[in-house]
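For reference, the structure discussed in these notes is given below.
The values are calculated or read from the model by the stated rules, or taken from the named source; none is laboratory data. Every value quoted in this text rests on a predicted model; they were computed, and no experiment measured them. Every residue, glycine as well, gets a Cβ built from its backbone with ideal geometry; the counts of neighbours run over all protein chains shown.
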Amino acid sequence: MQLFAIDAENTITTFAAAAQIPEGQERFSSEEELFAASTTWPADRLVAIWNSFAGVAGFGADLKPLKKFTDRAVACKRIWNAVQKMNAGAATPAADTTAAAAAPAKAPKAKAAKKTAKSAPKATKPAKAAKVPKAAKSATPAAPRENSKKATVIEMMKRKGGATLNEIAEETGWARHTIRGFVSIAGSKLGLTIESSKNAAGERTYHVAK
């Protein structure tokens with residue numbers, strides 16, 4: 001069962017176990033649990049949650065930011081359907097490719113020689129050599145391009161003490177919701193364990209755990 005948690009800044013993160021969810025974050029594992037948690041939230045928070053990932057590269061790339069939802073139930077349903085894609089797509093293509101490559105090619109059957117009463121039987125035609133399947137694509141996620149903003153953010157989060165939301169914004173010029181969206185999918189896409197916390201000054205800090 002996939003677990004989700006949302007912090008005070010509306011960042012949604014997936015976790016493998018409940019014990020990994022930081023204290024103070026609200027958790028949910030179904031549309032019903034998300035709706036129950038949202039009953040204490042103002043309506044505009046649901047819009048803010050949606051807009052934190054809508055249009056951001058990754059699972060929200062095809063989604064459009066909104067100004068409002070019809071009602072709370074519709075908002076929870078759309079948010080729930082969207083976050084199901086957070087960890088999807090990373091393993092499936094590689095698995096399909098591996099399965100296809102592992103399937104042995106079938107050699108065509110040799111045609112049986114025709115026998116005639118007046119002449120010796122013709123030699124059997126040799127079977128065509130089976131084509132060697134192409135090597136499966138690596139399942140290892142591709143690292144961000146060197147010197148790109150994504151690579152810069154990851155290096156900042158690997159520093160001792162990590163990097164604050166404001167530091168990342170100043171370095172990259174990204175909007176806050178873009179940073180939160182990147183961090184939320186970087187763990188699953190790049191195989192990183194990213195910890196989110198607040199420093200002594202109350203600033204949101206991200207750190208890549210070794």
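Odds and ends about this structure:
- Among the residues of region 165-205, those that are closer than 14 Å to K150 by Cα and either of a type in the set (S, T, Y) or not assigned by TED's automatic domain parsing to the domain that holds R145 (or both) comprise T172, T178, S184.
- Subset of region 77-96 [over 19 Å from E9 (Cβ atoms), modelled with pLDDT of 85 or more and outside any loop (DSSP other than H, G, I, E, B)]: K77, R78, W80, N81
- Segments classed as helices (runs of 4 or more DSSP H), wholly inside region 125-210, with at least 2 members that are at pLDDT below 80: 176-190
- Which numbered condition G58 misses (of (1) at negative phi; (2) of a type outside the set (S, T, N, Q); (3) touching a helix residue (DSSP H, G or I) at 6+ places or on another chain (Cβ under 8 Å)): (1)
- Among the residues of region 186-197, those that are under 16 Å from K158 (Cα atoms) and out of contact with any Leu (no Cβ under 8 Å at 6 or more places or on another chain) comprise G187, L190, G191, L192, T193, I194, E195, S196, S197.
- Scanning region 1-43 for residues that are exposed (fewer than 12 other Cβ atoms within 10 Å of the Cβ) and under 18 Å from A82 (Cα atoms) returns M1, E32.
- Filter pass, K68 being modelled with pLDDT under 90, among the charged types (D, E, K, R) and assigned to a loop (DSSP other than H, G, I, E, B): no
- Enumeration of residues in region 6-37 that are among the aromatic types (F, W, Y) and part of a helix (DSSP H, G or I): F35
- Of the residues screened, L46 is not one that is at pLDDT 85 or above, over 25 Å from H207 (Cβ atoms) and outside any helix (DSSP H, G or I).
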